[in-house]
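First comes the structure, then the notes that go with it.
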Amino acid sequence: MKTPGARRGRPGAVRKKSRGPQAGSGGQGRQALEGKGPTPKAEDRPYHPAAKQKARAEKAKSSTRSAAPSRQSKPKAPSDSELVTGRNSVVEALRARIPATSLYLASRIEYDDRVKEILAIATQRGLPILEVMRPELDRMVGRDAVHQGVALKIPPYEYADPIELFDSARPGPALLVALDGVTDPRNLGAIIRSVAAFGGHGVVVPQRRSAGMTAAAWKTSAGAAVRVKVALAANLTQTLKSLKQRGAFVVGLDGEGPMTLPKIDFASEPLVVVAGSEGKGLSRLVAETCDTIVSIPINSSTESLNAGIAVSIALYGISTSRTVG
């Protein structure tokens, strides 16, 4: 005979009644058999130290990106000013009363006669004189510049007009040098120096693909840039044609020229001497515009001359011809 407690089972137990098969229950079984997939990487588990380190790195990276636009929201205006470096160049620029804005002197600079004159002129003109450490001056002028402890900050160069430069050439017949594709500012500075040495009146450079009056050109000219004007031509070929209409005789310098320099008499005519780059020489349109192409005799072992050297030789020949004439 069964007792009532035996029929009810364990005290507190609940007997569940089966309701039969349920729709969709087979999928639950398959999911249990498939498992939860591969174990995530340590950096992808939220409570793992690697995941926290990754979150900190991403937060720092996002803050850097968000800060970048704020630094660039006020772009620094490009400076068009130039630094004339070297004692000769600076003293010549000050003598010519170029509208400089400030003078930089290296600390513990050796005071020679040029530095004393630089300081005297700068003081007389009320020019701000700033003493800087030599490493800072090195950084300001660039690696390749030799400043000798002195740098003069000047505004952008004001180019002349080619036609006005030709018309105002004094004394004697005009003598200009035009550059075709000369992109090294040191070549430009050397040519300016030669033009000043041999009685020339100015240099014409094209607006595109040409060296301009940078600090390197000022430096190489050794102060001659304050006496010789540089004109800017929007189109060199058209400018040469305009100068020919005003009576200029245009001479191109090229190693393959049919005529040699010593055999030409340049005593009385207004002249424009055109020099090309050492590699490509004169461009086709410029060469066709020239009245004649002249070569400079050189040793056969040398392929070509630097543009600055070629112009110097040509100007010397022209100066000799005019002196004799």
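The values are calculated or read from the model by the stated rules, or taken from the named source; none is laboratory data. Just so it is clear, the structure is predicted and the values come from calculations on it, not from any experiment. Glycine also receives a Cβ, built like all others from the backbone with ideal geometry; neighbour counts cover every protein chain displayed.
Look through the stretch 315-325, keep the residues that are aliphatic (A, V, I, L, M) and over 31 Å from the mean Cα position of the chain (by Cα), and return whichever of them is modelled with the highest pLDDT. Steps first, please.
The first filter runs over the stretch 315-325 and keeps only residues aliphatic (A, V, I, L, M), leaving 315, 318, 324.
Going one step further and asking which of them are over 31 Å from the mean Cα position of the chain (by Cα), we end up with 318, 324.
Values: ILE318: 88, VAL324: 65.
The qualifying residue modelled with the highest pLDDT is ILE318.
Here is a check on your reading of the model: is ARG208 part of a loop (DSSP other than H, G, I, E, B) and within 29 Å of the chain's Cα centre (by Cα)? It would help to see each step written out before you state the result.
Numbers: part of a loop (DSSP other than H, G, I, E, B): yes; within 29 Å of the chain's Cα centre (by Cα): yes.
Yes.
SER89 - would you say it is at pLDDT 80 or above, within 19 Å of ALA217 (Cα to Cα) and of a type in the set (Ser, Thr, Tyr)? Spell out how you get there, then give the answer.
Numbers: at pLDDT 80 or above: yes; within 19 Å of ALA217 (Cα to Cα): yes; of a type in the set (Ser, Thr, Tyr): yes.
Criteria met by SER89.
Pick out, from the stretch 235-314, the strands (runs of 3 or more DSSP E) lying fully within it that include 1 or more residues that are in the same structural domain as VAL195 (by TED's automatic domain parsing), of a type in the set (Ser, Thr, Tyr) and at pLDDT below 95. Steps first, please.
Details: elements: 249-253, 271-276, 292-295.
Correct list: 292-295.
May I ask you to verify whether ALA217 is touching a helix residue (DSSP H, G or I) at 6+ places or on another chain (Cβ under 8 Å) and modelled with pLDDT under 95?
Numbers: touching a helix residue (DSSP H, G or I) at 6+ places or on another chain (Cβ under 8 Å): yes; modelled with pLDDT under 95: yes.
Yes; evaluated as a whole, the condition is true for this residue.
Go through the stretch 205-247 residue by residue and tally those that are within 25 Å of ARG114 (Cβ to Cβ) and of a type in the set (Ser, Thr, Tyr).
Selection size over the stretch 205-247: 3.
Determine, yes or no, whether LEU179 is surrounded by 24 or more Cβ atoms within 10 Å (Cβ to Cβ), more than 23 Å from ILE154 (Cβ to Cβ) and either hydrophobic (A, V, I, L, M, F, W, C) or without any contact (Cβ under 8 Å) to a residue 12 or more places away in the chain (or both). Working first, answer last.
Working: surrounded by 24 or more Cβ atoms within 10 Å (Cβ to Cβ): yes; more than 23 Å from ILE154 (Cβ to Cβ): no; either hydrophobic (A, V, I, L, M, F, W, C) or without any contact (Cβ under 8 Å) to a residue 12 or more places away in the chain (or both): yes.
So LEU179 does not fit the description; no.
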